[in-house]
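K.L.:
This is the structure I have questions about; it appears just below.
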Amino acid sequence: MNLKLKFLAISSILLLTGCASIVSKSSWPITINSSPSEAKISIKDKKGIEIYTGNTPATLKLKSGAGFFSKARYQVTFEKVGYDKKVVPVEFKLNGWYFGNIIFGGPLGLLIIDPATGAMFKLETEFLNETLTKSVANVDTKELKLLDINNIPAEWKKHLILVSK
């Protein structure tokens, strides 16, 4: 290959791709775990569409773009019997490689390619490790509790019935 042809090929590649698209990606891996493990997880995108269901631990890829110049946002819901439901947001931020378009990708990468592919955004965190809280109101557990009358809420006292003197 002669020098002019090599230069033309390299120039074409740089002009037809965005910088973040060259050195980065538009889908990012995330690992989701919980304590206790085996919690059911569901992931919804910013439109409320469920895109994933499974159990912890899980590793999957999330798209960073949600349309032209629009970053993706997700909600991860953790559920396990005997524990409170927990919802955790997953956010994306501006990818530093996007600014490489000023030198390498040019206006095409800056204004069209990286915004259209979502490569201009990157995942804020690669790991979610959530601790679930035991549910206070558990209908599966039957127990009898003895409480001192001085340690109960005032609104309960109006429902008390005197059994004997």
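K.L.:
Just the residues that are under 42 Å from the mean Cα position of the chain (by Cα) and either at pLDDT below 80 or not charged (D, E, K, R) (or both), please, taken from segment 134-150.
P.N.:
Going residue by residue through segment 134-150, those that are under 42 Å from the mean Cα position of the chain (by Cα) are 134-145.
Within segment 134-150, SER135, VAL136, ALA137, ASN138, VAL139, ASP140, THR141, LYS142, GLU143, LEU144, LYS145 qualify.
K.L.:
While we're here: For residues in segment 53-88 being within 10 Å of the chain's Cα centre (by Cα) and at pLDDT below 95, which is most open to solvent (accessible area, probe 1.4 Å)?
P.N.:
As a first pass, look at segment 53-88 and keep what is within 10 Å of the chain's Cα centre (by Cα): 62, 72-77, 87-88.
This time we only want the ones that are at pLDDT below 95, so: 62, 72-74.
Working: LEU62: 3, ALA72: 4, ARG73: 100, TYR74: 18 Å².
Only one residue fits best here, namely ARG73.
K.L.:
In addition: If a residue must be aliphatic (A, V, I, L, M) and in contact with an Asp or Glu (Cβ under 7 Å, 6 or more places away or on another chain), how many such residues does segment 67-90 contain? Before you say what the answer is, go through the steps one by one.
P.N.:
At the first step, the residues of segment 67-90 found to be aliphatic (A, V, I, L, M) are 72, 76, 81, 87-88, 90.
Subset that is in contact with an Asp or Glu (Cβ under 7 Å, 6 or more places away or on another chain): 72, 88.
Adding up the residues that qualify gives 2.
K.L.:
Filter segment 38-52 down to the residues that are open to solvent by 20 Å² or more (accessible area, probe 1.4 Å) and touching a strand residue (DSSP E or B) at 6+ places or on another chain (Cβ under 9 Å) and list them by number. Spell out the reasoning first.
P.N.:
Looking only at segment 38-52, we keep the residues that are open to solvent by 20 Å² or more (accessible area, probe 1.4 Å), and these are 38, 40, 44-52.
The answer is GLU38, LYS40, LYS44, ASP45, LYS46, GLY48, GLU50, ILE51, TYR52.
K.L.:
Quick one: is LYS93 at pLDDT 80 or above, on the phi < 0 side of the Ramachandran plot and of a type outside the set (Val, Ile, Thr)? Talk me through it step by step, then tell me what you get.
P.N.:
Details: at pLDDT 80 or above: no; on the phi < 0 side of the Ramachandran plot: yes; of a type outside the set (Val, Ile, Thr): yes.
Taking the combined requirement at face value, the residue does not satisfy it.
The values are calculated or read from the model by the stated rules, or taken from the named source; none is laboratory data. Remember, predicted model here, so these are calculated numbers, not experimental data. Methodologically, a virtual Cβ is constructed for each residue, glycine included, from the backbone with ideal geometry; neighbour enumeration extends over all protein chains shown. With ligands, DNA and RNA removed, areas are computed over all heavy atoms of the protein, side chains included. Shrake-Rupley method; radii C 1.70, N 1.55, O 1.52, S 1.80 Å.
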